[in-house]
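The values are calculated or read from the model by the stated rules, or taken from the named source; none is laboratory data. In this text the structure is predicted, and so the values were computed from the model without any measurement. Every residue, glycine among them, receives a Cβ derived from its backbone with ideal geometry; neighbour counts consider all protein chains shown. Each accessible area value is taken on the protein alone, full model and side chains, heavy atoms only, with ligands, DNA and RNA left out. Shrake-Rupley method; radii C 1.70, N 1.55, O 1.52, S 1.80 Å.
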Amino acid sequence: MKKGYILFAEPTIQHDLTFNRSVVLIAEQNDTGTVGFIINKKSNYSTQDLIPEFNIDFPIYNGGPVEKENLYFIHKIPSLIKKSIKIKDNIYWGGNFDLVVKLINDKKIKKNEIKFFLGYSGWEKEQLNNEIENKSWILAKNENIEKLSFHETISVWKEKLEKIGGNYLLWSNSPENPQHN
């Protein structure tokens, strides 16, 4: 597992409300564990709901079940946002938040350059590898992570399963709640 990989939830974890149909960007992987953000699940909040200093509204996504009271962000403008951590290629996370507020208010950051999350997804050292081996996740190494991370990503899980085909095609067309079938 490396940072910059994308995880697609296997259809078999449909009873896990947090990760059902989730697409996760791995932001960090080290000796203690793995950190990622669910990139395809919008929350009911926007930046102006939580941070009154924002004069432009950005959507906020549910990043995962850990530290849901904290706001995190990924972006592709490290030249503007100091103290960023590189994930891969043109994707970074974190940085000086006060500067982010100022840059957004000054209209120097566009909506397709930054994405906000409440909480993150976290796994202990071998936990994620075990989940991958147990077929809870589809590991995607060669996806266009910039496109997946910053563009409209609500249907990306379904599109991936359609692309894989076979038995996954059936799952891609099933309702999110199978009882609604």
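Only residues of segment 116-152 count here: report those whose backbone N is under 15 Å from the spot 7 Å along Cα→Cβ of Asn70, or say none. Within reach of a label on Asn70: 117-124.
Report the charge-dipole magnitude of segment 35-147 in Debye, nearest 20, computed about the Cα centre from +1 at each Lys and Arg Cβ and -1 at each Asp and Glu Cβ. Using only the charged Cβ atoms, the result is roughly 440 debye. Segment 6-69 and segment 123-142 have Cα centres lying 17 Å from one another. Each DSSP beta bridge with both residues in the chain is either parallel or antiparallel, and the antiparallel ones are about 90%. Only one residue of His15, Ile39, Ile114 has its Cα farthest out toward the positive end of the dipole of the chain, where Lys and Arg carry +1 and Asp and Glu -1 on Cβ, and that residue is Ile114. What segment 26-91 shows is 50 Å² of accessible area per residue, with the surface traced by a 1.4 Å probe over protein heavy atoms. Ranking Ile56, Phe97, Asn129 by Cα position along the charge dipole of segment 1-135, where only Lys, Arg, Asp and Glu carry charges on their C-beta atoms, puts Ile56 farthest toward the positive end. Going by a ≥ b ≥ c, the root eigenvalues of the Cα gyration tensor, does segment 1-100 fall in the rounded group (a/c under 1.5), the prolate group (a/b larger than b/c) or the oblate group? Oblate, since a/c reaches 1.5 and b/c is not below a/b.
The relative contact order of segment 79-162, computed from alpha carbon pairs under 8 Å that lie at least 6 residues apart in sequence, is 20 percent. Per residue, the convex hull spanned by the Cα atoms of the chain measures out at 117 cubic angstrom. Share of segment 32-181's accessible area from carbon and sulfur, percent, 1.4 Å? Exposed carbon and sulfur together represent 48 percent of the surface.
Per residue, the average separation of C-alpha pairs within less than 8 Å and at least 6 apart gives the chain a relative contact order of 27 percent.
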